[in-house]
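Here, each number is a calculation from the coordinates, and none is a lab measurement. None of these values were measured; they are calculated from a predicted model. Cβ sites come from the backbone with ideal geometry, for glycine too, and all protein chains shown count toward neighbours.
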Amino acid sequence: MTRLTIQNLTKRYSNGVKALDNVSLTVSNGMFGLLGPNGAGKSTLMRTLAALQFPDSGQICFDGKDIHQYPGPLRSQLGYLPQDFGVYPKLSAIDLLHHLALLKGVTNKAERSDQVMALLQQTNLYAVRKQAVGTFSGGMRQRFGIAQALLGNPQLVIVDEPTAGLDPQERNRFHDLLSEIGEQVVVILSTHIVEDVHDLCPEMAVLANGKIILRGQPATLTEALNGRVWHKSVPKEALFQYQQSFSVISTRRMAGTIHMYVLADDCPDVGFKLVYPGLEAVYFAALLGCQPQGKGGHIW
Ligand SMILES: Nc1ncnc2c1ncn2[C@@H]1O[C@H](COP(=O)(O)OP(=O)(O)OP(=O)(O)O)[C@@H](O)[C@H]1O
């Protein structure tokens with residue numbers, strides 16, 4: 001069932017940058033991945049969804065209610081972990097969570113205490129609950145960020161670039177935490193890290209230059225690209241020539257050679273081998289403006 005409907009959202013900043021350009025999306029319960037390169041407009045969209053800024057035009061409805069017309073009901077249902085999550089560094093995790101729970105309207109003391117304790121356990125911060133938040137590592141801070149976002153049992157959870165800068169262990173921990181949030185709420189994960197979406201999200205979209213350029217299910221989108229991604233190792237001096245002749249979707253330098261991936265319906269040249277595409281290939285192909293074939297996705 002669709003819970004979040006975004007229709008024709010456009011936002012231009014005063015410096016002339018069009019950060020959102022006619023964005024439309026529908027989102028149901030579960031984790032939805034919003035992928036896009038730096039500057040694509042992801043944070044602008046997340047802040048607009050959180051009713052922290054207004055679009056120039058367009059509409060966002062959550063459970064049938066226009067969120068900019070009725071920001072009050074949305075805020076009580078919203079959990080938001082922004083990209084640059086600031087904390088009061090001297091407060092302990094437990095005190096800060098109590099404080100933020102109060103601000104979020106959890107006024108009943110017993111209920112607030114139960115929620116804070118449960119979230120400290122869930123985010124594996126119970127042992128350090130009395131420690132000042134300012135002394136937390138990056139991973140602990142992000143887990144604290146998700147704990148505060150989940151106060152008040154939100155129905156719409158927005159997390160903006162949550163794993164940037166986390167080591168692999170903390171990233172896994174954070175992934176487990178996000179997947180636990182459950183299927184009864186809408187979780188929007190905005191990121192430029194393809195693996196985050198691959199590991200967590202049954203539905204995704206790619207945003208580039210303020211536009212949704214691809215939308216679908218990661219598994220279906222990769223399947224739709226199957227049979228069209230070719231690999232060849234080439235010396236770095238030859239790369240430019242290949243880039244002029246073929247649709248090179250990505251390159252990786254490993255031990256002195258360049259691993260090059262090309263999108264083509266047939267074998268592009270001698271030495272190319274067909275490879276099964278990952279989500280990264282789907283993402284890079286979309287950024288290049290290449291469409292998946294079949295029913296896998298929609299390109300706008
Ligand atoms: N307050 C602002 N004033 C002017 N331009 C802005 C403002 N905020 C963002 N922009 C511009 O809007 C565009 C989209 O920015 P936004 O931060 O939404 O992208 P993003 O996808 O979140 O990028 P990143 O992954 O780097 O955080 C960029 O060109 C950015 O420079």
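General observations
- Length gained on full extension, Asp84 to Asp266, computed as 0.36 nm times the residue gap minus the Cα-Cα distance: 61.0 nm.
- Counting other Cβ atoms within 10 Å as a rough exposure proxy, the listed residues Asp56, Asp265 run Asp265, Asp56 from fewest neighbours to most.
- Fewest-first sequence of Met31, Met1 by Cβ atoms within 10 Å of each Cβ: Met1, Met31
- Rel. contact order, % - alpha carbon contacts under 8 angstrom, at least six apart, the stretch 1-153: 21 percent
- Highest-MSF residue in the chain out of Val133, Val157, Val282 [GNM, Cα springs under 10 Å]: Val133
- The chain - mean residue ellipticity at 222 nm from DSSP helices (-39,500 (n - 2.57) per run, n ≥ 4, rounded to 500): -9500 deg cm²/dmol
- Applying 1/(1 + (r/R0)^6) with R0 = 41 Å to the Cβ-Cβ distance of Leu239 and Glu180 gives a FRET efficiency near 0.40.
- Modelled this way, with points 7 Å down the Cα-to-C-beta line, the labels at Thr220 and Asn22 are 2.3 nm from one another.
- Close lysine pairs were tallied over the chain: pairs 8 or more places apart or on different chains with Cα atoms under 20 Å apart number 10.
- Using only side-chain charges placed at the Cβ, +1 for Lys and Arg and -1 for Asp and Glu, the dipole size of the stretch 225-288 relative to its Cα centre rounds to 220 debye.
- For the chain, built as a Gaussian network whose Cα springs stay under 10 Å, the top-fluctuating residue of Cys267, Cys61, Cys201: Cys267
- Long-range tail of P(r) for the chain (Cα pairs > 24 Å, %): 57 percent
- The stretch 225-288 - Kirkwood radius from inverse mean 1/r over Cα pairs (Å): 11.7 Å
- Among Ala132, Ala238, Ala101: highest mean-square fluctuation, GNM of the chain, C-alpha pairs under 10 Å: Ala238
- Residues Phe54, Phe32 in ascending order of nearby Cβ atoms (within 10 Å, fewest first): Phe54, Phe32.
- Debye, to nearest 20: dipole size of the stretch 39-163, +1 on Lys, Arg Cβ, -1 on Asp, Glu Cβ: 400 debye
- Here the stretch 158-187 and the stretch 1-20 have alpha carbon centers that stand 24 Å from each other.
- Span from the the stretch 204-258 Cα centroid across to the the stretch 25-79 one, whole angstrom: 30 Å
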